[in-house]
Amino acid sequence: MSDSSSWAAIRAELSGPAGLNMGWAAADRHVALGHGEAPALRWVGRDGAERTLTYADLAEHSSRFADALRRLGVRRGETVFTLLPRVPDLVVALLGTLKAGCVAAPLYAAFGPEPLRLRLALGRARAVVTTAALWRRKGPLDVPHALIAGGDAPEGTHDLAALLGAADPQVPVAPTGPDDPALLHFTSGTTGAPKGALTAHDAVVAQVASARAALDLRPGDVYWCTADPGWVTGTVYGVLAPLACGATVVLDEGDFDTARWYGLIERQRVAVWYSTPTAIRLLMRAGDDLPRRFDLTSLRHLASVGEPLNPEAVLWSRRTLGRPFHDTWWQTETGSIMLANRDATPGVLGAPLPGIGAEVWRPDAEGVGELVLRPPWPSLFRGYLDDPARTAACFAEGWYRTGDLVRRGADGLFRFVGRADDVIKASGHRIGPFEVESVLLEHPAVAEAGVIGKPDPVAGEIVKAFVALKPGVAWSDALAAELLGHARRRLGPALAPKEIAVAPSLPHTRSGKILRRLLKARELGLPEGDLSTLEDGAG
Ligand code: PRX
């Protein structure tokens, strides 16, 4: 690793007068370097409207946001949530929160009231930035300050535009160091409530290093990450890393639409594109003729993340888009990309980035074992909020345990095998079965619930629920629809099961835990006695 690409050099490069601060590094630093007029954010509205914010605009608005927080009495180290559509205020709120020395906690607008309330409570929310429509739709959320973007602030909330208008754009950035907490992302394991993974300002060092190394991102590149900033990919690689790299970030408010997406690449001249296997499979399904109608020659580097990238998707993109998708691997806890497939070899995750040590831990006869990484690195999470025991359980024998099963080929490159636990990956979103089961159990008809990821040709997996009913309750299509509706109302479309089935009873371990693995084996028609043949078997 050359000196200029080392973390120490990047840390020095990104640090300012007040120390290392992600928000400052992403916006104000470029102004200090004389690039304030460069386009930072190219917003594309749902209706096709466009708005460009320069780095100077972002620096100013986010300073105002930081000052507004201070005026509300929100102090350093306290948590500010965002619950917003993909609009410029989301970026302003994120950067301003970081510049105030507060912890930024993004939420996904497709979450229902239950996951939102849980996360706001776990994160001890001091403020939430949202819209009037979302505020009303999600019901009463318990948070001291609601800042309403886009006007129409309901009673008892603050109008964000008015707060920003009255705030001081010259307010100094809070002095933060590499170890001060910066980001809080909720994530799920097999059991228990979601966990709040905390990363520190130093994470931006590895985020920038990885954006350069794995996404080939250079200053001035037009860059588009299709992930919503309500998810960790959309915060880190949709906003923070590309801004810190000096790119022009495309933020698309609209939902997935094949022709719209190709049109956006053509019109914005997107050079670097970061997306997910589910999105790529949806594009593939729409056929090869459509992309030929667009000028996609601006594309220079394509990368994918979040779920297994099928080899066919790599071959298809090379053939049809003119560039292959490069796989990248990371997770919320690692804070930045750890492995990347530099050569876009189909079926391969890739090799560790510079400075990252990776191993296959305790491989079986086939060479399959858990992917473990050698701590520390700048973006490694600093722990799960209020949960030292679960934090400690992630580390063993000097390694960080990822919970993913991999094997290493003769070429030294890593291949993805599956999860070592019951975590579900639906359209790249990490879903804890426990959170879904808990909501199903609230329904008076349900005695037991077990939730699995069912393989799906497009989404990778979909959430499928199995329920056992209370005595005297009869199964019917109407009850199935009612249970799915109940789950959707409480959990929102991102987490709710898409399918539900009834079972006379659910299989248990001796200690009484539901054997989701067996439910999955039955669903896939695999022999029940041989659970090791499951895709995510081994455990
Ligand atoms: O199982 C791995 C899968 O996504 C998990 C991390 O999910 P999350 O914490 O939500 O992080 C999102 C940021 C990527 C991992 O433990 N995963 C991630 N990348 C890949 C992947 N599975 C297969 N191939 C990948 N490239």
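For this structure, a couple of remarks:
- Scanning region 214-232 for residues that are in contact with a Gly (Cβ under 7 Å, 6 or more places away or on another chain) and away from the ligand (no atom under 16 Å from the Cβ), we see that the one that is least open to solvent (accessible area, probe 1.4 Å) is G220.
- Qualifying residue in region 21-32 (condition: surrounded by 16 or more Cβ atoms within 10 Å (Cβ to Cβ), among the aromatic types (F, W, Y) and under 30 Å from D255 (Cβ atoms)): no
- Here G357 meets the list (1) in contact (Cβ under 8 Å) with a residue 60 or more places away in the chain; (2) touching a strand residue (DSSP E or B) at 6+ places or on another chain (Cβ under 8 Å); (3) closer than 28 Å to V204 by Cβ almost entirely, failing just condition (1).
- Restricted to region 177-190, and to residues there that are within 16 Å of the ligand (Cβ to nearest atom) and in a strand (DSSP E or B), the residue that is most open to solvent (accessible area, probe 1.4 Å) is F186.
- Meets criteria (open to solvent by 20 Å² or more (accessible area, probe 1.4 Å) and within 23 Å of P455 (Cβ to Cβ)) for E366: yes
- Filtering region 501-527 to residues that are farther than 23 Å from P444 by Cα, loosely packed, with under 14 Cβ neighbours inside 10 Å and charged (D, E, K, R) leaves only R510.
- Only listed residue being without any contact (Cβ under 8 Å) to a residue 12 or more places away in the chain and either within 30 Å of P178 (Cβ to Cβ) or in a loop (DSSP other than H, G, I, E, B) (or both), chosen from P106, P140, P85: P140
- All told, G238 falls short of being within 14 Å of the ligand (Cβ to nearest atom), over 18 Å from L41 (Cα atoms), open to solvent by less than 20 Å² (accessible area, probe 1.4 Å) and small (G, A, S).
- Only one entry in D67, D142 is in the same structural domain as K195 (by TED's automatic domain parsing), at pLDDT below 95, under 21 Å from D159 (Cβ atoms) and acidic (D, E), namely D142.
- Residues that are of a type outside the set (S, T, Y), within 16 Å of the ligand (Cβ to nearest atom) and farther than 26 Å from L95 by Cβ number at least 3 in the following helices (runs of 4 or more DSSP H) confined to region 243-353: 277-285, 311-320.
- With respect to (1) over 22 Å from F466 (Cα atoms); (2) more than 16 Å from the ligand (Cβ to nearest atom), the lone exception for A447 is condition (1).
- Counting only residues that are within 19 Å of the chain's Cα centre (by Cα) and not in a strand (DSSP E or B), region 364-402 holds 6 of them.
- Of the residues A167, A161, A174, the single one that is in contact with an Asp or Glu (Cβ under 6 Å, 6 or more places away or on another chain) and either in the same structural domain as L58 (by TED's automatic domain parsing) or open to solvent by 40 Å² or more (accessible area, probe 1.4 Å) (or both) is A167.
- Region 464-500 - residue that is under 17 Å from L118 (Cβ atoms) and of a type in the set (K, R) and, of those, most open to solvent (accessible area, probe 1.4 Å): R489
- Residue among A193, A279, A211 that is crowded, with 23+ Cβ neighbours inside 10 Å and not assigned by TED's automatic domain parsing to the domain that holds V458: A211
- Evaluation of A49 against (1) surrounded by fewer than 24 Cβ atoms within 10 Å (Cβ to Cβ); (2) in contact with a helix residue (DSSP H, G or I) (Cβ under 9 Å, 6 or more places away or on another chain); (3) of a type in the set (A, V, I, L, M, F, W, C) (one fails), failing number: (2)
- Only one entry of L90, L118, L141, L95 meets the criterion of being farther than 27 Å from A18 by Cα and under 20 Å from the mean Cα position of the chain (by Cα), and that entry is L118.
- Test: residue in region 146-158 that is under 22 Å from the mean Cα position of the chain (by Cα), open to solvent by 20 Å² or more (accessible area, probe 1.4 Å), closer than 28 Å to A26 by Cα and not charged (D, E, K, R): no
- Top-ranked residue in region 388-431 [being among the basic types (K, R) and within 11 Å of the ligand (Cβ to nearest atom); ranked as most open to solvent (accessible area, probe 1.4 Å)]: R401
- Selection count, region 437-458, where residues are surrounded by 14 or more Cβ atoms within 10 Å (Cβ to Cβ) and either outside the structural domain of E523 (by TED's automatic domain parsing) or of a type in the set (D, E, K, R) (or both): 4
- The criterion of being more than 22 Å from D257 (Cα to Cα) and within 13 Å of the ligand (Cβ to nearest atom) does not hold for I356.
The values are calculated or read from the model by the stated rules, or taken from the named source; none is laboratory data. Predicted model only: the values in this text are computed from it and were never measured. Counting neighbours? That spans all protein chains shown, and the Cβs are built from the backbone with ideal geometry, glycine included. The accessibility values were calculated without ligands, DNA or RNA, using every heavy atom of the protein model including side chains. Shrake-Rupley method; radii C 1.70, N 1.55, O 1.52, S 1.80 Å.
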